[in-house]
Amino acid sequence: MTFKDFNFKPQLQRAIDDAGFKEPSPVQKEAIPVVLAGKDIVAQAHTGTGKTAAFGLPILQMMEGAGEVETVVIVPTRELATQVSDELYRFGKYLGINTATVYGGSSYSRQLKHIQNAGIVVATPGRFLDLLSGGKIDIAPKFVVLDEADEMLDMGFLDDIKEIFTYFEAPRQTLMFSATMPPAIRELAKTILYRPEFVTITKSNVTNDKIKQHYYVVRENERDDALIRLLDYKDPEKAIVFCRTKKEVDRLSGFLASRGYSAKGLHGDMEQRQREEVIKAFKRDDLEILIATDVAARGLDVSNVTHVFNYHIPFDSESYVHRIGRTGRAGKEGVAVSIVTPHEFNSLKKIQKNVGSELQSKVIPTISDVQMRQKDALMEKVAAQEITDVARAFVEALQKEFVDEDIALKLASLLYRSNDIEGSDKIGMTTTEVEKLFSRMEAEEAQKRGAKRRNRGYRGRGRGHRRKEGGYGRNDDRKHHRRR
C-alpha cells in the first residue's frame with residue numbers, strides 16, 4: 001500500500017511526495033480510513049510511529065480552507081506544539097492552510113494575530129484554556145485532536161482538557177492518540193468522544209520491535225562506572241540518559257562533562273532559554289548525550305537518537321515505553337539500555353510483563369572488550385594519518401633496535417594506552433550470577449505464595465469467615481454525560 005491509495009487531493013499528495021513519504025506506517029494505514037469516514041477514533045500508538053500524519057493528512061483532506069479555525073490539536077508541551085505545527089504546515093502548504101501555535105510564555109497578542117489567519121491551531125492545554133475562558137477567542141472547530149493524551153494526564157491537564165471541551169459545540173469529530181491506555185484515558189474517551197473506533201496496538205507491540213532492549217545488573221555503587229563503560233563500548237552517535245530526579249541530572253551531566261563527554265542536562269528547573277539552547281544543540285548534533293528527567297523530555301521529538309539509557313529504570317511501564325520510544329524512529333533501529341540493581345528486579349519483571357517484549361540480560365563489557373570494539377575506529381585513524389618526516393626518522397631509529405613486528409606492536413600498545421579505559425575491569429554481575437539471583441528470587445516468591453494460600457485456607461474454615469465480594473459494585477454502572 002502507498003499513500004496514493006488514499007486518493008488525497010493533488011495538493012496534499014504533492015506535499016506528501018515532497019516529504020518523501022511512500023508507504024503508510026501501521027497506525028497511518030489503520031487510522032486514516034477511519035478518520036476519512038468521519039468517525040471519532042482512539043488510537044494507541046507509541047512515540048515515533050507517524051501519529052501526526054495519521055490524523056493530519058485525513059483532516060487536511062476534509063478541511064474546506066474557509067479562512068477560519070477548523071481544527072484544534074491539543075498537545076502536552078510547547079516543544080511538541082512547535083513540532084506538530086511545523087509538520088502540519090508542511091503538509092498543508094499547497095492547500096493554503098496555515099497553522100498557529102499557542103503555548104505559555106509567549107506573547108498573547110502575537111498568538112491571537114496568528115490564530116486570525118489560521119485554519120489549524122496547535123496548543124498546549126493551559127494557554128488554550130486561558131484564551132477560551134477569557135473570551136479572547138471564539139471558535140467552533142470541526143476537528144479536535146488530543147495528541148499524547150496519557151502525557152497530558154501525567155502532567156495534570158485532565159481537568160483543563162475536560163473544561164476545554166465545554167467550549168466546543170457539536171457537531172465535531174474528535175480524535176485521541178495515546179502511547180498507553182490507562183483507565184483515566186479510557187474514561188476521558190467515553191466522556192468526549194462519540195462511538196469511537198479503536199485502533200489498538202497488541203501488547204506484544206507496545207514497544208517498537210526495532211528497538212533492542214538490554215539490561216545490565218550492577219551493584220548500587222557501580223552505576224556511574226557501568227554507564228561510562230557502556231558509553232565507551234556502544235559509542236552512541238546520539239543518546240538520551242534518563243534519570244529520576246533533577247538533582248541526579250545535574251550531578252550526572254557534570255560527571256560526564258568532566259570526563260570529556262559531550263553531555264548536558266535538561267530538567268524543569270532550568271530557565272526556558274537554557275532549555276531551548278540545550279534542545280537546539282542536541283538537534284543540531286552539537287551535543288552527543290542529553291541527560292534528562294521524564295518530565296523534561298516529554299514532547300521532545302529528536303530524530304536519529306541511536307541509544308536510550310535508563311540510569312535508573314522508571315517506576316512504571318508507561319514511562320518506560322515513552323523513554324525508549326525516543327529511539328528506533330522512522331523505521332531505524334535503536335538500542336534501549338537499562339542499568340538495574342538486584343533490588344529493582346521486581347520492577348524490571350513488571351515492566352517486561354506489561355510491555356510484552358523481552359529485555360535481554362547482558363554483561364558489562366570488560367576493558368579489553370571496549371578496546372577490541374575501538375579497533376575499527378583506531379584503524380581508520382591510522383589509515384587517515386599522514387606520514388611525517390619526523391615519524392619516518394623515528395621509525396628508522398627504532399629499526400636499529402627492534403624488528404618491524406615488535407615496533408608495530410609497541411606503537412599499537414602506546415596508541416591503545418592513550419585511549420585509556422577508566423574503571424575496574426569487571427563491573428556488575430556475570431550471566432551465571434544473574435541466573436542464580438533470578439532462581440533465588442523466584443524460589444522466595446513461590447514460598448510466599450504458598451504461605452499465603454495456606455493462611456487463606458486456614459482462615460476460610462472459621463464460622464465467622466465472610467468472603468469479600470468484588471471491590472467495584474455500583475460504580476461500574478456510572479453514566480457518563482456526553483457534551484455533543
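We did not get these values from a lab; they are worked out from the coordinates using the rules stated. It should be emphasised that the depicted structure is a prediction, and the values quoted were computed from it without experimental measurement. Reconstructed Cβ throughout: ideal geometry from the backbone, glycine too, with neighbour counts over all protein chains shown.
Worth pointing out:
- Percentage of interatomic Cα-Cα distances in the range 278-431 larger than 26 Å: 50 percent
- Residues whose amide H lies under 5 Å from that of Y215, counting only those 5 or more places away or on a different chain, are S338, Q360, S361, K362; hydrogens are built 1.01 Å from N in the peptide plane.
- Vicinal HN-Hα couplings computed from phi for the range 213-225 (Karplus, 6.51 cos²θ - 1.76 cosθ + 1.60; Hz; Gly/Pro x): 10, 10, 9, 10, 9, 9, 7, 3, 7, 9, 4, 4, 4
- For the range 344-384 and the range 21-43, distance of Cα centres in Å: 36 Å
- Between E187 and T366, the FRET efficiency estimated from the beta carbon spacing at R0 = 51 angstrom works out to 0.50.
- Separation in nanometres of the label points that stand 7 Å from Cα toward Cβ, at Q274 and E68: 4.6 nm
- The slack between K9 and V295, meaning 0.36 nm per residue of separation minus the straight C-alpha distance, is 99.1 nm.
- Whole-Hz ³J(HN,Hα) from phi, Karplus 6.51 cos²θ - 1.76 cosθ + 1.60, for the range 326-331, glycine and proline x: 6, 10, x, 9, 6, x
- Interchain or long-range residues, amide H under 5 Å from C243's placed H: A292, T293, D294
- Farthest positive-ward along the range 147-268 dipole, Cα basis, beta-carbon charges - from P171, A149, I240: I240
- Near-label residues of the range 351-386 by backbone N, under 20 Å of a point 7 Å along Cα→Cβ of A408: 372-386
- Pair-distance distribution of the range 350-450: all C-alpha pairs, bin width 5 Å, starting at 0; shares per bin in whole percent are 2, 9, 11, 14, 12, 9, 9, 7, 6, 6, 5, 4, 3, 2, 1, 0.
- Within the chain, helix-based [θ] at 222 nm, where runs of 4 or more DSSP H residues each add -39,500 (n - 2.57), nearest 500: -14000 deg cm²/dmol
- Extending 7 Å from the Cα toward the beta-carbon at both S109 and K162 defines two label points whose distance is 3.7 nm.
- Relative intensity, log₁₀ I(q)/I(0), of the range 370-418 from a Debye sum that treats every alpha carbon as a point, q = 0.31 Å⁻¹: -1.20
- Close amide-amide hydrogen proximity is noted between V102 and V122, A123, T124, each under 5 Å apart and 5 or more residues distant or on a separate chain (H modeled in the peptide plane; Pro and chain starts excluded).
- Remark: the range 60-73, residue by residue, has Karplus-estimated 3J(HN,Hα) of 4, 4, 8, 5, 8, x, 8, x, 9, 6, 9, 9, 10, 10 Hz, where x stands for each Gly or Pro and the curve is 6.51 cos²θ - 1.76 cosθ + 1.60 at θ = phi - 60°.
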